[in-house]
Structures are given as C-alpha cells and as structure tokens.
Amino acid sequence: MKTRKIFLSEKEIPRQWYNVQADLPTPLEPMLHPGTGQPVGPDDLAPLFPMPLIAQEVSQERFIDIPDEVLEKYLMWRPTPLYRAYGLEKALETPAKIYFKNEGVSPAGSHKPNTAIAQAYYNKISGIKRITTETGAGQWGSALAFSCALFGLKCKVYMVKISYNQKPYRRMMMETWGANCVASPSSETKAGQSILDQNPDSPGSLGMAISEAIEAAVSDETGETRYSLGSVLNHVLMHQTVIGLECQKQMEIAGDYPDVPFVRDKINGKDIDIIAVEPTSCPTMTKGPFAYDFGDSVQMAPLAPMHTLGHTFVPAPIHAGGLRYHGMAPIVSQLVLDEIVKPISISQMETFKAGITFAQNEGFISAPETTHAVAIAIREAVKAKEEGKEKVILFNWSGHGLVDMAAYEAYLSGKLKDHALPEAEIQRALKDIEPLPKPKQYKAGAFS
Ligand SMILES: Cc1ncc(COP(=O)(O)O)c(C=O)c1O
C-alpha cells in the first residue's frame, strides 16, 4: 500500500521559528510613521503591539525560540500532515509528484492560528486584556477569536461588510469562541462613520476594517487593548514558518526534494521555483507598484514599503475568494523585487475549477484562498506532463472551505464570472502613490 500521509510525532514539532530577515539579500526599507514620515521606532508601535512582537518585527536573529505555552497550544493540531496527492496525479496523468501540507486540520480550519496563537500569547504575557483586528473572508478573524479564547483575552473583530453578509457561519465561529464581530464600515468608530458618511452602501475593505480596529485599540483609555494584524508584518510571516520547517522534515521522510519549495534554499542559490499566487481581481504583486503606502484606508497605520494597489482600493463584490488586501507583506514584496519569488495572478473561474478537481480526486474541499495554490499546482503538473519531467511539487493547502460553500454554490450555479481589476480602477487608487526606486538588485547565489 502506498504511503499517502507523512506524519511527524509531537516531539518533532519545530522548537524555533525561522526569521528570513537574517538571510534577505536586500534588507527591508523601514516602516514610516503616518504623521512624521520618519522611520517608526518601538515607542511609535507600542500603542498597537506588545513589546515582544515589536522586537520580533525588527529582529535579525535567524531562529527565534517558540515559547512552551505556544508549543503547548500548537500541539492541539500540529504537526500537521503532509499528503501525497496520488488521486490528483492520476487524474492529471502527470509524471509529477504532488505533495500538499494540510493546514486545514487546525480548529479554525486554516493556517492562520499559527500566528494568532503566538500573538495572543505575547499580548497575554504583556498584560493586555483585549485584542482588536480586521478580517475579510473570516479565516483570520476566526483564528484570532479561537486563540483569544485559549488565553482568556477579549476579541473584537471588524469584518468586511460584504463577507459579513455572505459568510454568517464565519461570524458564528468567532462568536462561539466568545469574540464580538461587527460589519465594517460600522458607526462604532470615527473611521467607520467617516466612510459611511461618504458612502453608506460601501461593501467594505480590509483597509477600512484595519482603520476601525486600530482606532478601537488606541482609543481605549484603559490602555489594555492592542491591535493584531492577520498578515503583512514580519513577525506574522515568521510565525507561519512552522509550516515550512515541518515540511522540510516530512519531505526528507518522503525521500523527495521539491522543485517548487523553500525560500532559504533559493536565496542560497538552489535552482527552484517559488510561486506566489494572487487573484486577478486583486493583482497587488503583478500590477501594483512597489511604493510606500498606508496599511489602512484612513491613513492611521504606518507606511509600509510594499507592492500596493493603493490604500483606497475596494475589492469588487463579485470577487469570491479572500486575498483582497490592497498591500503585500514587505518581506514578500522584497523577495519579488529580488526575483526570488515569482508572482502570478489567476482568475477565479480557474481557481474554483481547480478546487472542484481537487475535491473530486483528493476529497478535501479547499477554501477559496487555497484554491489559488491548488490551481498553480495543477498548472505545474500539467507543464511537467507536457515536458515529460518528474517534477516534485509542494504546496500549502492553507485551509478548508466548509464555511465558504456559498462561493462554491455561486460557481456551480454559473453565477460566478471572471473578474480582472480594470486598469482605470488601478490608476484611480494609485493616483496619490509615489512608486519607490527599486533597491539595489541582487544576483542569485551571491550570499551562499
Ligand atoms: C492585513 C490582512 N488582514 C487579514 C487578512 C485575512 O483576512 P481573512 O482571512 O478574513 O480573509 C488578510 C488577508 O489577506 C490581510 O492581508
């Protein structure tokens, strides 16, 4: 019988996070203060984040210990299984070997708790009682609600209004874990009210929800509330490296090394492809300039050096699949500039078609966000068939779609259409954004 799942024992769970900042060929440009335009310091970030996370944000240490209390919570579902997709390989008649890391086994159903647990822990030990945040499709909001419940913290989630209405079960998950979730833009904050004054029918955006969450945190006179971000920041990405670190051990057990795999190996000159996929209706890396831009819509968050579609960007309501933030993590943006990560945008009809193919051959129903990675894995496998190459493809199956079935219903009933962000909309949202001159280009292998 063929080995389908590769497990690690609880003893083999990674004990440290990997901090790619230690190996970035081109160091990141600094975050800038939204008021002064000067590089932010720890005191500027202190009203938003607890000090241990601020320290991680700027750390150049290659490996950072994972606290025991975080490991203890991780063991509720980690290490996660690595699967060999024999069914999909057979359906595609490809010589490629396809592996997927199943991050859908977490209690919240996605990879998001990897950082939500860590952020809740560091807020807890810093005496914080309440955390506010934004959420789009709801994966992040439910992950933070779950994590706050485990650490006895209050949780307030501002959810992009169109998703709040489309995905009631995501809100129900958050409320089951004791969080309070409201549709954004809301009249609960000045930021939300100012947006509603301009457009009472606004479908919302992550940028708007972030503005509300930040305002709710910094305006709490008790000083016991902080803000938490679901992606973008260095410490958030670092917490997610438990996925890759486990995969490295599991691929060794499988006796395979992926041709589509690990950033650090690529930085050190390995000839491999690392693909970052995004939707054509939110083409941040593929169409957005690299520029300093606000992390939120109402210009309260620091300016980040990133690929951006402009902080006033509002995703089209037709877009069913998450991944609709106007910006991109500075680390990912820098890796794209240095050609270590290859960005690709993909249409939602292809992503849902891939999700259906995956479900019918591997069983699992993917979250709309996850179908983007599935679609690229299928493209790579088809390419391997055309080239007659035995490629090894590894992708992150970031979450299940069991509470996103409305999107599948729209696809299966033919209501879904492809949507590419019109050039005019990109130019409208970018009119106040100054593209940054590209930092010095680095050549592959220079740092091995
Ligand atoms: C800043 C930020 N927050 C939250 C999220 C995730 O939101 P959700 O998982 O609810 O779609 C994203 C996803 O792109 C994001 O970029």
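The values are calculated or read from the model by the stated rules, or taken from the named source; none is laboratory data. A quick note: this is a predicted structure, and the numbers were derived from the prediction, not measured. Reconstructed Cβ throughout: ideal geometry from the backbone, glycine too, with neighbour counts over all protein chains shown. When the accessible area is computed, the model is the full protein with side chains, heavy atoms only, and any ligands, DNA or RNA have been set aside. Shrake-Rupley method; radii C 1.70, N 1.55, O 1.52, S 1.80 Å.
If you filter the range 310-335 down to residues that are at positive phi and open to solvent by less than 10 Å² (accessible area, probe 1.4 Å), you find that the one that is farthest from the ligand (Cβ to nearest atom) is GLY310.
Being surrounded by 23 or more Cβ atoms within 10 Å (Cβ to Cβ) and farther than 30 Å from LEU28 by Cα: is that true of ALA359 here? Explain how you work it out, then say what you get.
Working: surrounded by 23 or more Cβ atoms within 10 Å (Cβ to Cβ): no; farther than 30 Å from LEU28 by Cα: yes.
For ALA359, the condition - surrounded by 23 or more Cβ atoms within 10 Å (Cβ to Cβ) and farther than 30 Å from LEU28 by Cα - is not met.
The single condition among (1) outside any helix (DSSP H, G or I); (2) out of contact with any Leu (no Cβ under 8 Å at 6 or more places or on another chain); (3) surrounded by fewer than 24 Cβ atoms within 10 Å (Cβ to Cβ) that MET173 does not satisfy is (1). Of all residues in the range 225-242, those being within 16 Å of the ligand (Cβ to nearest atom), within 19 Å of GLU369 (Cβ to Cβ) and not in a loop (DSSP other than H, G, I, E, B) number 3. Of the strands (runs of 3 or more DSSP E) that lie entirely inside the range 1-118, those containing 2 or more residues that are hydrophobic (A, V, I, L, M, F, W, C) span 63-65, 97-102.
Aliphatic (A, V, I, L, M), assigned to a strand (DSSP E or B) and within 11 Å of the ligand (Cβ to nearest atom): does that describe VAL182? The answer is no for VAL182. Search the range 231-250 for residues being in contact with an Asp or Glu (Cβ under 7 Å, 6 or more places away or on another chain) and not aliphatic (A, V, I, L, M), and hand back the single one that is surrounded by the most Cβ atoms within 10 Å (Cβ to Cβ). Applying the filter and picking the extreme gives HIS235.
I'd like to check which helices (runs of 4 or more DSSP H) are fully inside the range 345-439 and have at least 1 residues that are at pLDDT 95 or above and either under 23 Å from ARG4 (Cα atoms) or of a type outside the set (Gly, Ala, Ser) (or both).
On the way: elements: 348-362, 368-387, 405-412, 423-430.
Once the helices (runs of 4 or more DSSP H) in the range 345-439 are filtered for at least 1 residues that are at pLDDT 95 or above and either under 23 Å from ARG4 (Cα atoms) or of a type outside the set (Gly, Ala, Ser) (or both), what remains is 348-362, 368-387, 405-412.
Matching residues to (1) within 16 Å of the ligand (Cβ to nearest atom); (2) at positive phi; (3) within 20 Å of the chain's Cα centre (by Cα):
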{"residue": "GLY138", "(1), (2), (3)": "yes, yes, yes"}
{"residue": "LEU150", "(1), (2), (3)": "no, no, no"}
{"residue": "VAL157", "(1), (2), (3)": "yes, no, yes"}
{"residue": "VAL160", "(1), (2), (3)": "yes, no, yes"}
{"residue": "LYS167", "(1), (2), (3)": "yes, no, yes"}
{"residue": "THR189", "(1), (2), (3)": "no, no, no"}
{"residue": "ASP201", "(1), (2), (3)": "no, no, no"}
{"residue": "ALA217", "(1), (2), (3)": "yes, no, no"}
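Residues of the range 96-120 that are touching a strand residue (DSSP E or B) at 6+ places or on another chain (Cβ under 6 Å) and more than 15 Å from the ligand (Cβ to nearest atom): ALA96, LYS97, ILE98, TYR99, PHE100, LYS101, ASN102.
Close Cβ contacts (under 6 Å, 6 or more residues apart or on different chains) running from residues in the range 255-266 that are at pLDDT below 75 to residues that are open to solvent by 40 Å² or more (accessible area, probe 1.4 Å) comprise VAL260/ASP273. When each of ASP293, ASP338, ASP259 is tested for being within 13 Å of the ligand (Cβ to nearest atom) and surrounded by 19 or more Cβ atoms within 10 Å (Cβ to Cβ), the lone residue that passes is ASP293.
Screening VAL218 against (1) open to solvent by 30 Å² or more (accessible area, probe 1.4 Å); (2) out of contact with any Pro (no Cβ under 6 Å at 6 or more places or on another chain) leaves a single unmet condition, (2).
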